[in-house]
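Report on the structure given below.
No lab work stands behind these numbers, since they all come straight from the coordinates. The structure presented is a predicted model; accordingly, all values stated were derived computationally and were not measured. Note that we place each Cβ from the backbone using ideal geometry, even for glycine, and neighbour counts take in every protein chain shown.
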Amino acid sequence: MSDAKRKLEHIEISLREDVVYTGECRELYSEIVLIHQALPGISLNNVDISTRFLGYELNAPIVIEAMTGGHPSLKPINEKLALLAREYKLAIGVGSQRPILKYKFNQEVIDSYRVVREIASDTPVIGNLGIAQLHETSIDEIKKLVDVINADALAIHLNPAQEVIQPEGDIDFSEVLLSKIAVLTRELGVPIIIKEVGNGLSMEVVSKFKAIGVKFFDVAGACGTNWIMIEALRNPEDSITRALGVNLLSVKWGIPTPLSLIETRHVAPEATVIASGGVWSGINACKMIALGGDLVGLARPLLKALIEKGYEGMKKYMELYIKELKTTMFLTGATSIKELRKKPIVLGPTIRNYLEQRGINVNNYLSNTRIRE
Ligand SMILES: Cc1cc2nc3c(=O)[nH]c(=O)nc-3n(C[C@H](O)[C@H](O)[C@H](O)COP(=O)(O)O)c2cc1C
């Protein structure tokens with residue numbers, strides 16, 4: 001199957017079907033309690049959610065996550081996402097750039113991504129490639145992928161669960177790939193961001209990449225768009241692989257976003273960490289930043305709002321998201337992202353129990369690790 005056709009199918013299935021993680025995320029979020037301050041001591045007008053990321057000043061700590069590109073018919077989607085990034089001064093990722101490799105740097109294919117850089121000219125643009133593609137891609141080709149869209153960073157996605165269920169997936173995720181990424185961190189010229197796609201990063205994985213010089217992580221935890229399910233639905237109804245996907249989902253495979261965020265921050269206290277994967281409200285965004293994220297990222301709801309309600313509908317979603325983030329910061333008494341990470345948090349028993357079993361001292365995490373100056 002062509003990469004472009006696969007991307008179109010992904011978008012179509014992710015919008016049409018119920019492909020959201022079914023685990024206990026709602027309960028986990030309610031176990032993260034920020035303390036309401038009846039006298040916040042500040043004015044809402046003084047709440048500043050701007051932040052620095054990849055050398056740019058963003059108006060809000062938000063990344064429009066990697067979704068699309070690779071076919072001329074996908075260019076209008078990237079165009080609208082980029083308009084949103086420009087209007088709100090947010091960071092934006094493009095979808096996997098594998099089609100550029102496949103179609104040998106065909107100009108039309110490049111343009112479906114490049115439009116993002118052209119429109120979002122004053123905000124960070126993040127390139128994207130799957131780790132499994134590194135087997136057959138030279139360092140020079142990867143540099144060229146960055147150059148053709150003038151990216152400020154390259155996200156490398158780790159998606160073993162997706163690839164296993166994908167009918168034509170790559171299943172070689174051996175550690176030889178680490179040495180290639182080590183070279184890239186030195187030679188690419190822009191930072192590497194290690195991301196999942198919806199099953200979460202663990203502290204074991206983050207430690208491996210940290211050891212070779214990676215300083216940016218996007219947790220893409222299991223709480224939002226579920227790629228096991230999207231791929232399962234692309235398999236024939238009575239196939240074993242489809243049943244495998246459904247069964248993995250029914251046992252709630254993956255690391256829920258809040259837990260993946262803590263795992264990542266715990267082993268990479270100095271790194272820039274994006275909390276994504278079902279962070280679909282500004283209220284939960286506030287919780288994720290207070291818990292140690294530098295930024296939050298979101299994907300599917302923006303695409304859904306765009307396709308179903310047009311640019312204005314997507315903009316409305318973002319307006320509410322930002323308003324929720326600002327309001328909850330106000331109610332905790334935080335005037336900045338930095339202050340928010342110092343505000344008290346109470347964690348419920350499921351999270352505490354998980355962290356204890358993972359060898360993370362909760363009190364030390366909350367009073368030291370999550371706080372970044
Ligand atoms: C339609 C769609 C396409 C995506 N394509 C990519 C991709 O090409 N590369 C990638 O790293 N992640 C991709 N993702 C994953 C997102 O970047 C993000 O990590 C994940 O969906 C979690 O965000 P969400 O729960 O807010 O949707 C895609 C997500 C969606 C919804």
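Things worth noting here:
- Coil-residue GluC sites (Glu not before Pro) of the range 104-201, DSSP, other Cβ within 10 Å capped at 13: 168, 175
- Placing dummy labels 7 Å off each Cα toward the beta-carbon, the span from residue 338 to residue 135 is 4.6 nm.
- 0 to 90° range, to nearest 10: angle between helix 139-148 axis and the chain longest Cα axis: 70
- Label-zone membership for the range 202-219, site residue 173, 7 angstrom Cα→C-beta point, backbone N under 11 Å: 202, 205
- The angle between the Cα long axis of helix 240-250 and the main principal axis of the chain comes to about 10°, on a 0 to 90 degree scale.
- 3J(HN,Hα) from dihedral phi, the range 304-318, Karplus parametrisation 6.51/-1.76/1.60, rounded to Hz, x for glycine, proline: 4, 5, 5, 5, 8, 10, x, 4, 5, x, 5, 5, 5, 4, 5
- Loop-located trypsin sites (Lys or Arg not before Pro) in the range 241-293 (DSSP state not H, G, I, E or B) with no more than 14 neighbouring Cβ atoms inside 10 Å: 252.
- Placing +1 on each Lys and Arg Cβ and -1 on each Asp and Glu Cβ, with no other charges, gives the chain a dipole about its Cα centre of roughly 780 debye.
- Counting only DSSP H runs of at least 4 residues, each contributing -39500 (n - 2.57), and dividing by the residue count of the chain, the helix-based mean residue ellipticity at 222 nm comes to -14000 deg cm²/dmol.
- Length added when fully stretched, residue 304-residue 211, from 0.36 nm per residue minus Cα-Cα: 29.7 nm
- When you filter the trypsin sites (Lys or Arg not before Pro) in the range 196-241 for DSSP loop state and at most 16 other Cβ atoms inside 10 Å of their Cβ, you are left with 215.
- Only alpha carbons enter this Debye calculation for the chain, each as an equal point scatterer, and the log10 of I(q)/I(0) it gives at q = 0.10, 0.12, 0.15 Å⁻¹ is -0.59, -0.87, -1.41.
- Extension reserve of the residue 147-residue 87 stretch, reckoned as 0.36 nm per residue once the Cα distance is removed: 19.2 nm
- Expressed as a whole percent, the proportion of Cα-Cα pairs in the range 267-373 lying more than 22 Å apart is 39%.
- Proximity of backbone amide H atoms, modeled 1.01 Å from N, is registered between residue 67 and 95 at under 5 Å, excluding neighbours fewer than 5 places apart on the same chain.
- Principal-axis tilt of helix 176-187 within the chain, Cα atoms, nearest 10 degrees: 70
- Label point 7 Å beyond Cα of residue 368 along Cβ direction - residues of the range 247-289 with amide nitrogen under 20 Å: 261-273
- Of 325, 255, 14, farthest towards positive along the dipole that unit charges on Lys, Arg, Asp, Glu beta carbons give the chain: 325
- Residue 182/residue 251 FRET efficiency (R0 41 Å; Cβ-Cβ; nearest 0.05): 0.75
- Too-long pairs where the Cα-Cα distance tops 22 Å, listed order kept, from 75/315; 80/315; 195/323: 195/323
- Applied to the range 324-336, the Karplus parametrisation 6.51 cos²θ - 1.76 cosθ + 1.60 on θ = phi - 60° returns per-residue 3J(HN,Hα) values of 5, 4, 4, 5, 5, 5, 4, 5, 8, x, 9, 9, 8 Hz, with x for Gly and Pro.
- Taking every DSSP bridge with both residues inside the range 3-369, close to 20 percent are antiparallel.
- Sorting the segments 289-295, 300-306 by their mean number of nearby beta carbons within 10 angstrom, highest to lowest, gives 289-295, 300-306.
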